[in-house]
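Notes follow once the structure below has been shown.
The values are calculated or read from the model by the stated rules, or taken from the named source; none is laboratory data. Remember, predicted model here, so these are calculated numbers, not experimental data. Reconstructed Cβ throughout: ideal geometry from the backbone, glycine too, with neighbour counts over all protein chains shown. Surface areas here come from the heavy atoms of the whole protein model, side chains and all, with no ligands, DNA or RNA. Shrake-Rupley method; radii C 1.70, N 1.55, O 1.52, S 1.80 Å.
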Amino acid sequence: MTELLQFIITGLALGIVYALIALGFVVVWKSSGVANLALGQLVLISAWFTYSMLAQAQLPVWLGLPLVIIFALFLGWVIERIILRPLIAQPILSLITVTLGLGYFLQGLVGIIWPMSLAAMPPLFPKTPVRIGTAVVSQEYLWAAIISLVLFGLLTLYFRYNRMGIAMRAAADDQKAVQACGIPVTRIFSRSWMFACVLAAVGGVLISSIGNITVGLTHTGLQAFSVVILGGLDSLPGAIIAGPIIGLSETIGAGYLTPLTWPGIREVIPFIIIIIVMFARPYGLFGEERIERI
Amino acid sequence: MDLPAGTRNYSYAQDMAIFRTKTHWILLGVLILLLFAMPAYWHDWLSVVNRIGITIIAVMGLNILTGYCGQLSIGHAGFIAVGAYTSAILVQRFGVPFPVALICAGLFAGVVGMLFGVPSLRVKGFYLAISTIAAQFIIIWVIQHWTSVTGGFSGMDVKAASIGPMVFRSQASQYYLILIITIISVYFAKNLSRTRVGRAFIAVRDNDLAAEVMGISLFRYKLTAFFIGCFFAGVAGSLLAHTSLSISADYFPLTDSILFIGMIIIGGMGTILGPILGVIFIRLIDVLVTELSPALQNAFPNLPSGFTSGIAPLLFGLAIILFIIFEPRGLAHRWQLFKASYRLWPFSY
């Protein structure tokens, strides 16, 4: 029972962080129709950047973390301006493959600047484990969940009340109409990429403070893809609900299925879920089914 | 523009000929002569050339699937792994002769590919990309953990390829084996692209709904594309296994699957020449970086040691991005432009 409680708590916390990263994907997809397959590499590069700021440059946390956010904003702006802007209205195949190329590029960049294979994120949260009921959970999980939830709240408020947020929602609905209203659509694209990078950066910091900084962080991007597939590509609530489902199935599945199957099942559970969703309900739990016309 | 001035086609056979004029045939003869004589004059490079040959077979399959039929697959390395292991297991454990194992590897990889291609009937674009990534991970996971059959993480040793009494053990003999199979694959792909099936693929790529309305069965042609594309991958995997003499799951990473996509983009999607150029381009960058990295490491002692491992992915990513932005039709298109301007020289049209 204790075991199960532990799995549930860690699964939920991880899942919420996945959902946070997935949200960055959904924002970009909704506003500009670009499928960002470089998500994992964005997570990786921002985790390493954080490591540089906090461990290598020895900056205090209050200065280092804002710098990470600024770096992420800048990265998002550059990516949109240089790579995606020339490709507006290109076929979806180009838009997907260009992000694959971007992912490759970022991974190479990480390999050049931080060639070590493993590093520990400097401790951001207190180390003492907490007891919840009978389970003992390390604090990183709880902090990760809390920070993610706060960010969800802030994003919801932004999309509801901020002018730009409302414009972004409108652009997701109908780009041409938005442009006719005099809203600069390119700025919305740029903004959405900046969001995606910041969310990936926060997710990267949280995930790597739970584990370590390795190339394995790119896997987080793949988990985020399974979140968006399960939740539906164009649904923000879908991502928030599907995240914990993926996180739970990962920890519970790894806990109880490993004796029955082979070790390492944890890494493939998201992919098995993807395949099941593809067969059963390809547009996800909350995704809008596209009716195509010729 | 494809034919020299003054050459006219008077029959259907002439119209369809791949090699139309005497010059074409002479150039083809020279090319084949050069290719078959390569071990004599380029012996040191044969291992690179062999790798290029195997990759061309695999990427030719991906080109049929993605370039002609428009079904993005980011799991091609996984399908190559299926072929490699099928062939290795058949030869090692059941004593099946290599040529039979080669065909079986292709067929089994094709069937597995078809299985993972089923979602393509309902979804496309990003969804299909993710489900093929899922295919890659599930395949590699099964290979890594089904120890009793595949040898698990430690991989397995494989016998050298052999046809009857001939054993392909030296680099040069492997080169001929790979060269002949590559030529057959390229010829098959070229002809496939201009048959009924190939035209159906192109129609599906350009607009699958319109194709269906025109009477093209999406079920049949999408799955055929997956089968043929993965058949090529399986054949390439079998060759890889029987020429490198040992395989493990690490030979087939996700990054390779992405690189294959990059190769057809750089070469030019939906052309036969494209994948060949793309593979050569990427593999040569790879070789160049490997050759230069000790020198670079010495030249920049201030950078952290081991930084050269990141150069190759950086360049690959950069090449993919630059080609998509500036030359989406790839090197093959550049070659076309060059040929046209060469024919017309010194006039501009």
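Report yes if some residue within segment B:96-105 is outside any helix (DSSP H, G or I), open to solvent by 10 Å² or more (accessible area, probe 1.4 Å) and away from every other protein chain (no Cβ under 14 Å); otherwise report no. Checking segment B:96-105: at least one residue is outside any helix (DSSP H, G or I), open to solvent by 10 Å² or more (accessible area, probe 1.4 Å) and away from every other protein chain (no Cβ under 14 Å). Scanning segment B:211-250 for residues being closer than 13 Å to residue B:79 by Cβ and not aliphatic (A, V, I, L, M) gives a total of 9. Looking at (1) in a helix (DSSP H, G or I); (2) in contact (Cβ under 8 Å) with a residue 12 or more places away in the chain, find the lone condition where residue A:285 falls short. Failed condition: (1). How many residues are under 21 Å from the mean Cα position of the chain (by Cα) and under 18 Å from residue B:54 (Cβ atoms) when one looks only at segment B:276-315? Looking only at that region, the number is 12.
Looking at residue A:182, is it surrounded by fewer than 24 Cβ atoms within 10 Å (Cβ to Cβ), more than 23 Å from residue A:145 (Cα to Cα) and touching a His at 6+ places or on another chain (Cβ under 7 Å)? Here the answer is no, as residue A:182 does not meet what is asked. Listed here are the helices (runs of 4 or more DSSP H) enclosed by segment B:106-195 that have at least 1 residues being away from every other protein chain (no Cβ under 14 Å) and surrounded by fewer than 18 Cβ atoms within 10 Å (Cβ to Cβ): B:171-192.
Let's see how each residue does on (1) open to solvent by 10 Å² or more (accessible area, probe 1.4 Å); (2) without any contact (Cβ under 8 Å) to a residue 40 or more places away in the chain; (3) of a type in the set (Ser, Thr, Tyr):
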{"site": "A:215", "(1), (2), (3)": "yes, no, no"}
{"site": "A:220", "(1), (2), (3)": "no, no, yes"}
{"site": "A:225", "(1), (2), (3)": "no, no, no"}
{"site": "A:236", "(1), (2), (3)": "yes, no, no"}
{"site": "A:241", "(1), (2), (3)": "yes, no, no"}
{"site": "A:246", "(1), (2), (3)": "no, no, no"}
{"site": "A:264", "(1), (2), (3)": "yes, yes, no"}
{"site": "A:267", "(1), (2), (3)": "yes, no, no"}
{"site": "A:275", "(1), (2), (3)": "yes, yes, no"}
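Taken together, the residues in segment B:10-44 that are among the hydrophobic types (A, V, I, L, M, F, W, C), over 15 Å from residue B:176 (Cβ atoms) and without any contact (Cβ under 8 Å) to a residue 24 or more places away in the chain amount to 9.
Only one of these conditions is not met by residue B:341: (1) more than 11 Å from chain A (Cβ to nearest Cβ); (2) more than 30 Å from residue B:6 (Cβ to Cβ). Which number is it? Only one criterion is unmet by residue B:341, namely (2).
Against the test of being in contact with a Phe, Trp or Tyr (Cβ under 6 Å, 6 or more places away or on another chain) and part of a helix (DSSP H, G or I), the options A:13, A:47 yield a single qualifying residue, A:13. Condition check for residue A:90 on (1) without any contact (Cβ under 8 Å) to a residue 12 or more places away in the chain; (2) in a helix (DSSP H, G or I); (3) within 14 Å of chain B (Cβ to nearest Cβ): one failure, at (2). Condition (residue is in a helix (DSSP H, G or I), over 26 Å from residue B:272 (Cβ atoms), acidic (Asp, Glu) and modelled with pLDDT under 90) applied to segment B:43-61: is it met by at least one residue? Checking segment B:43-61: at least one residue is in a helix (DSSP H, G or I), over 26 Å from residue B:272 (Cβ atoms), acidic (Asp, Glu) and modelled with pLDDT under 90.
When residue B:3 is tested against the conditions (1) farther than 25 Å from residue B:156 by Cβ; (2) part of a helix (DSSP H, G or I), the lone failure is (2).
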